[in-house]
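One structure below.
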Amino acid sequence: MFHPSLQLDFYDPISNFEMPLYNGFILSLFLLICGGLFAILFSSNPMRGESMINLNILFAEGGVFISTCLVVLSLCFPGLVILYTQSPDTQVGYSLPVTAYQWYWTMGWEGSETELYMEQMENVKLGAVFQLETSDCGVIPLGINTTFFITSNDVLHAFSIPAAFVKCDAVPGRLNAMSLNFPHPGVFYGQCSELCGVGHSYMPIKLEVVMPSNAS
Ligand SMILES: [Cu+2]
(Lines give C-alpha, C1' and ligand atoms only; values in the text may rest on other atoms or scores of the structure.)
Protein backbone atom coordinates (compact mmCIF):
# COMPACT_ATOMS: atom_id res chain seq x y z
CA MET A 1 0.00 0.00 0.00
CA PHE A 2 1.30 3.43 -0.90
CA HIS A 3 1.91 5.49 2.18
CA PRO A 4 3.05 9.09 1.88
CA SER A 5 5.85 8.64 4.39
CA LEU A 6 7.13 5.40 2.84
CA GLN A 7 8.40 6.42 -0.54
CA LEU A 8 9.51 2.92 -1.55
CA ASP A 9 5.98 1.56 -1.98
CA PHE A 10 4.07 1.46 -5.23
CA TYR A 11 0.92 3.47 -5.72
CA ASP A 12 -2.34 1.66 -5.14
CA PRO A 13 -4.16 1.22 -8.43
CA ILE A 14 -7.39 3.18 -8.76
CA SER A 15 -9.26 -0.12 -8.38
CA ASN A 16 -10.56 -0.75 -11.85
CA PHE A 17 -11.03 -4.48 -12.09
CA GLU A 18 -8.28 -4.97 -14.63
CA MET A 19 -5.57 -3.23 -12.62
CA PRO A 20 -4.84 -5.97 -10.02
CA LEU A 21 -5.13 -8.50 -12.83
CA TYR A 22 -2.59 -6.57 -14.84
CA ASN A 23 -0.17 -6.39 -11.90
CA GLY A 24 -0.52 -10.13 -11.36
CA PHE A 25 0.27 -10.89 -14.97
CA ILE A 26 3.35 -8.71 -15.01
CA LEU A 27 4.63 -10.31 -11.80
CA SER A 28 3.99 -13.83 -13.09
CA LEU A 29 5.76 -12.98 -16.35
CA PHE A 30 8.77 -11.71 -14.44
CA LEU A 31 8.91 -14.79 -12.19
CA LEU A 32 8.48 -17.14 -15.13
CA ILE A 33 11.32 -15.61 -17.13
CA CYS A 34 13.63 -15.49 -14.09
CA GLY A 35 12.79 -19.10 -13.20
CA GLY A 36 13.42 -20.26 -16.76
CA LEU A 37 16.73 -18.46 -16.99
CA PHE A 38 17.91 -19.89 -13.68
CA ALA A 39 16.86 -23.37 -14.79
CA ILE A 40 18.97 -22.99 -17.93
CA LEU A 41 21.86 -21.52 -16.00
CA PHE A 42 22.09 -24.36 -13.48
CA SER A 43 21.12 -27.24 -15.75
CA SER A 44 24.68 -27.78 -16.97
CA ASN A 45 28.16 -27.18 -15.73
CA PRO A 46 30.74 -26.32 -18.42
CA MET A 47 33.50 -26.61 -15.80
CA ARG A 48 32.84 -30.35 -15.60
CA GLY A 49 33.00 -30.66 -19.36
CA GLU A 50 29.24 -30.76 -19.90
CA SER A 51 28.14 -29.16 -23.10
CA MET A 52 25.88 -26.13 -22.82
CA ILE A 53 24.05 -27.41 -25.89
CA ASN A 54 22.11 -30.50 -24.98
CA LEU A 55 18.56 -31.65 -25.34
CA ASN A 56 17.48 -30.61 -21.84
CA ILE A 57 18.64 -27.07 -22.42
CA LEU A 58 16.87 -26.93 -25.76
CA PHE A 59 13.67 -28.11 -24.06
CA ALA A 60 14.13 -25.58 -21.26
CA GLU A 61 14.72 -22.75 -23.72
CA GLY A 62 11.76 -23.84 -25.81
CA GLY A 63 9.58 -24.01 -22.70
CA VAL A 64 10.60 -20.55 -21.57
CA PHE A 65 10.01 -19.17 -25.06
CA ILE A 66 6.56 -20.70 -25.45
CA SER A 67 5.38 -19.87 -21.93
CA THR A 68 6.65 -16.30 -22.30
CA CYS A 69 4.70 -15.97 -25.54
CA LEU A 70 1.56 -17.27 -23.79
CA VAL A 71 1.92 -14.82 -20.90
CA VAL A 72 2.54 -11.91 -23.28
CA LEU A 73 -0.54 -12.89 -25.28
CA SER A 74 -2.61 -13.10 -22.10
CA LEU A 75 -1.39 -9.61 -21.19
CA CYS A 76 -3.16 -8.33 -24.29
CA PHE A 77 -6.58 -8.85 -22.71
CA PRO A 78 -6.29 -6.47 -19.73
CA GLY A 79 -4.14 -4.15 -21.84
CA LEU A 80 -6.81 -3.81 -24.50
CA VAL A 81 -9.52 -3.31 -21.86
CA ILE A 82 -7.49 -0.48 -20.33
CA LEU A 83 -6.87 1.06 -23.76
CA TYR A 84 -10.57 0.89 -24.57
CA THR A 85 -11.72 2.43 -21.29
CA GLN A 86 -9.19 5.25 -21.70
CA SER A 87 -10.24 6.05 -25.23
CA PRO A 88 -11.96 9.45 -25.26
CA ASP A 89 -13.96 8.35 -28.32
CA THR A 90 -15.92 5.94 -26.15
CA GLN A 91 -16.53 8.21 -23.19
CA VAL A 92 -18.72 11.15 -22.33
CA GLY A 93 -18.81 13.06 -19.08
CA TYR A 94 -16.55 15.64 -17.50
CA SER A 95 -13.83 17.42 -19.48
CA LEU A 96 -10.69 18.92 -18.00
CA PRO A 97 -8.13 20.82 -20.10
CA VAL A 98 -4.55 20.34 -18.91
CA THR A 99 -1.69 22.53 -20.14
CA ALA A 100 1.98 22.00 -19.35
CA TYR A 101 4.45 24.82 -18.96
CA GLN A 102 8.11 24.97 -17.97
CA TRP A 103 7.70 23.98 -15.11
CA TYR A 104 4.17 23.77 -13.85
CA TRP A 105 0.72 22.63 -14.93
CA THR A 106 -2.58 24.40 -15.35
CA MET A 107 -5.94 22.64 -15.21
CA GLY A 108 -9.34 23.97 -16.08
CA TRP A 109 -10.96 26.13 -18.72
CA GLU A 110 -9.50 29.44 -19.82
CA GLY A 111 -10.13 32.13 -17.25
CA SER A 112 -10.64 29.71 -14.37
CA GLU A 113 -7.51 27.59 -14.49
CA THR A 114 -5.81 26.34 -11.39
CA GLU A 115 -2.01 26.44 -11.45
CA LEU A 116 -0.10 23.51 -10.01
CA TYR A 117 3.34 24.51 -8.81
CA MET A 118 5.40 22.26 -6.60
CA GLU A 119 4.76 23.29 -3.01
CA GLN A 120 7.60 25.19 -1.37
CA MET A 121 9.49 23.12 1.20
CA GLU A 122 8.60 25.47 4.04
CA ASN A 123 4.87 24.94 3.34
CA VAL A 124 5.02 21.14 3.17
CA LYS A 125 3.59 19.51 6.29
CA LEU A 126 5.40 16.71 8.08
CA GLY A 127 4.45 13.34 6.60
CA ALA A 128 3.35 14.79 3.27
CA VAL A 129 4.61 13.25 0.07
CA PHE A 130 8.10 14.39 -0.86
CA GLN A 131 8.18 16.78 -3.82
CA LEU A 132 4.69 15.77 -4.93
CA GLU A 133 2.60 18.32 -3.04
CA THR A 134 1.34 21.13 -5.24
CA SER A 135 0.12 24.64 -4.57
CA ASP A 136 -3.32 23.74 -5.94
CA CYS A 137 -4.89 20.61 -7.40
CA GLY A 138 -7.16 19.41 -10.16
CA VAL A 139 -10.63 18.45 -8.91
CA ILE A 140 -12.20 15.37 -10.48
CA PRO A 141 -15.78 14.15 -9.95
CA LEU A 142 -16.11 10.67 -8.49
CA GLY A 143 -17.46 7.94 -10.75
CA ILE A 144 -17.83 10.14 -13.83
CA ASN A 145 -15.73 9.61 -16.92
CA THR A 146 -13.27 12.48 -16.99
CA THR A 147 -11.55 13.30 -20.26
CA PHE A 148 -8.26 15.13 -19.92
CA PHE A 149 -7.39 17.30 -22.93
CA ILE A 150 -3.65 17.64 -22.69
CA THR A 151 -1.33 20.05 -24.46
CA SER A 152 1.83 22.02 -23.83
CA ASN A 153 2.67 25.68 -24.13
CA ASP A 154 6.41 25.31 -24.73
CA VAL A 155 8.25 21.98 -24.97
CA LEU A 156 7.33 18.30 -24.73
CA HIS A 157 6.01 17.21 -21.34
CA ALA A 158 4.04 14.14 -20.28
CA PHE A 159 1.06 13.92 -17.96
CA SER A 160 1.23 10.75 -15.91
CA ILE A 161 -0.81 9.28 -13.07
CA PRO A 162 0.90 6.03 -12.04
CA ALA A 163 -2.03 4.85 -9.89
CA ALA A 164 -4.20 4.88 -13.01
CA PHE A 165 -1.52 3.34 -15.26
CA VAL A 166 -1.69 6.32 -17.60
CA LYS A 167 0.82 8.57 -19.29
CA CYS A 168 0.01 10.99 -22.07
CA ASP A 169 2.39 13.28 -23.92
CA ALA A 170 1.75 17.02 -23.76
CA VAL A 171 2.81 18.24 -27.18
CA PRO A 172 2.94 21.91 -28.20
CA GLY A 173 0.34 22.63 -30.88
CA ARG A 174 -1.42 19.32 -30.44
CA LEU A 175 -4.32 18.26 -28.24
CA ASN A 176 -4.10 14.75 -26.80
CA ALA A 177 -7.00 13.25 -24.90
CA MET A 178 -7.50 10.37 -22.50
CA SER A 179 -10.37 9.35 -20.26
CA LEU A 180 -10.31 8.10 -16.70
CA ASN A 181 -12.98 7.06 -14.26
CA PHE A 182 -12.00 7.21 -10.60
CA PRO A 183 -14.19 4.75 -8.65
CA HIS A 184 -13.30 6.01 -5.17
CA PRO A 185 -12.47 9.41 -3.71
CA GLY A 186 -8.95 10.34 -2.76
CA VAL A 187 -5.83 12.21 -3.76
CA PHE A 188 -3.71 10.95 -6.63
CA TYR A 189 -0.25 12.15 -7.49
CA GLY A 190 1.75 12.15 -10.68
CA GLN A 191 4.74 13.81 -12.26
CA CYS A 192 5.89 15.09 -15.59
CA SER A 193 7.31 12.04 -17.37
CA GLU A 194 9.09 13.56 -20.33
CA LEU A 195 12.41 15.30 -19.84
CA CYS A 196 11.55 18.96 -20.35
CA GLY A 197 14.39 20.98 -18.92
CA VAL A 198 16.04 21.89 -15.67
CA GLY A 199 12.77 21.99 -13.71
CA HIS A 200 11.48 18.66 -15.01
CA SER A 201 11.69 16.99 -11.60
CA TYR A 202 9.76 19.78 -9.97
CA MET A 203 6.41 19.82 -11.75
CA PRO A 204 4.23 17.31 -9.88
CA ILE A 205 0.56 16.65 -10.54
CA LYS A 206 -2.10 16.37 -7.86
CA LEU A 207 -5.68 15.29 -8.51
CA GLU A 208 -8.37 15.25 -5.87
CA VAL A 209 -11.35 13.02 -6.55
CA VAL A 210 -14.48 14.33 -4.82
CA MET A 211 -18.23 13.74 -4.88
CA PRO A 212 -19.71 15.12 -8.12
CA SER A 213 -21.71 17.73 -6.19
CA ASN A 214 -18.45 19.21 -4.86
CA ALA A 215 -16.62 19.29 -8.20
CA SER A 216 -16.90 22.68 -9.82
CU1 LIG B 1 9.11 17.22 -17.67
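The values are calculated or read from the model by the stated rules, or taken from the named source; none is laboratory data. All figures in this text were calculated on a predicted structure; none of them were measured in a lab. Note: areas computed on protein heavy atoms with side chains; ligands, DNA, RNA excluded. Shrake-Rupley method; radii C 1.70, N 1.55, O 1.52, S 1.80 Å.
Starting from 0.36 nm per residue, how many nanometres of slack lie between L126 and L31 once their C-alpha separation is accounted for? Each step should come with its number before you reach the end.
Numbers: separation 95, 0.36 × 95 = 34.20 nm, distance 3.76 nm.
That pair, L126 and L31, stretches by 30.4 nm at full extension.
Computed with every protein chain present, the accessible area of C69 is close to 60 Å² [probe 1.4 Å]. Once a ≥ b ≥ c are taken as the square roots of the eigenvalues of the Cα gyration tensor of the stretch 92-214, is the result rounded (a/c under 1.5), prolate (a/b larger than b/c) or oblate (a/b not larger than b/c)? Note, shape of the stretch 92-214 comes out oblate.
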